[in-house]
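All remarks here apply to the structure that follows.
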Amino acid sequence: MIGYEIRPATPQDLEVVLYHRRRMFEEMGFIDQQALHAMLASSSPLLGRGLMDGTYRGWLVEAPGAVVVAGGGIIVLEFQSHPGDPRPQRAWVVNMFTESAHRRRGLARRLMETMLEWCRAEGMRFLYLHASDDGRPLYESLGFTPTNEMRLAL
């Protein structure tokens, strides 16, 4: 990561976070522009509030010249506790994205390591994510394993 710096996202970075969210989904093959626009419209208030109150913690990677080339975040949501985790919250990795010209340089790994450090310092017992096919090898190398969760489209 020589020449790159990781910094925390601030409320002023909301547009960058939303851009990464959109690009992440586009890279996974979501091309319906109306659906992407609706997603950003509903995500903006949640992420903006989260950047203000700490329920969304983002990190951005800057290349020389303070150009943001990658980012990711943790959204902490209220959730029922579990016998294995009495904390009534779940932390989810979201909005992972690296510009194509800056891939294969360890930026996503360094972002994930930064997020894992933060979660451990916060006392989180588990960290959740939905893995794209491209991201799955990285997450597995960091120790993420499939769970027993299921989903039904309604």
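The values are calculated or read from the model by the stated rules, or taken from the named source; none is laboratory data. Owing to the predicted nature of the structure, the values given are computational and were not obtained by experimental measurement. Using ideal geometry, Cβ is built from the backbone for each residue, glycine included, and neighbour counts are taken over all protein chains shown. Keep in mind that these areas ignore ligands, DNA and RNA; they rest on the heavy atoms of the full protein, side chains included. Shrake-Rupley method; radii C 1.70, N 1.55, O 1.52, S 1.80 Å.
For the reader, a short list of remarks on this structure follows.
- Number of the exception - Ile74 against (1) touching a Cys at 6+ places or on another chain (Cβ under 9 Å); (2) without any contact (Cβ under 8 Å) to a residue 24 or more places away in the chain: (2)
- Residue match in the range 107-121 (condition: modelled with pLDDT under 95 and farther than 22 Å from Phe30 by Cβ): no
- Residue match in the range 28-41 (condition: over 14 Å from the mean Cα position of the chain (by Cα), aliphatic (A, V, I, L, M) and within 21 Å of Tyr128 (Cα to Cα)): yes
- Looking at the range 15-106, the strands (runs of 3 or more DSSP E) lying wholly inside it that each contain 1 or more residues that are open to solvent by 70 Å² or more (accessible area, probe 1.4 Å) sit at 56-63, 67-78.
- If you filter the range 126-148 down to residues that are more than 16 Å from the chain's Cα centre (by Cα) and part of a loop (DSSP other than H, G, I, E, B), you find that the one that is surrounded by the fewest Cβ atoms within 10 Å (Cβ to Cβ) is Asn148.
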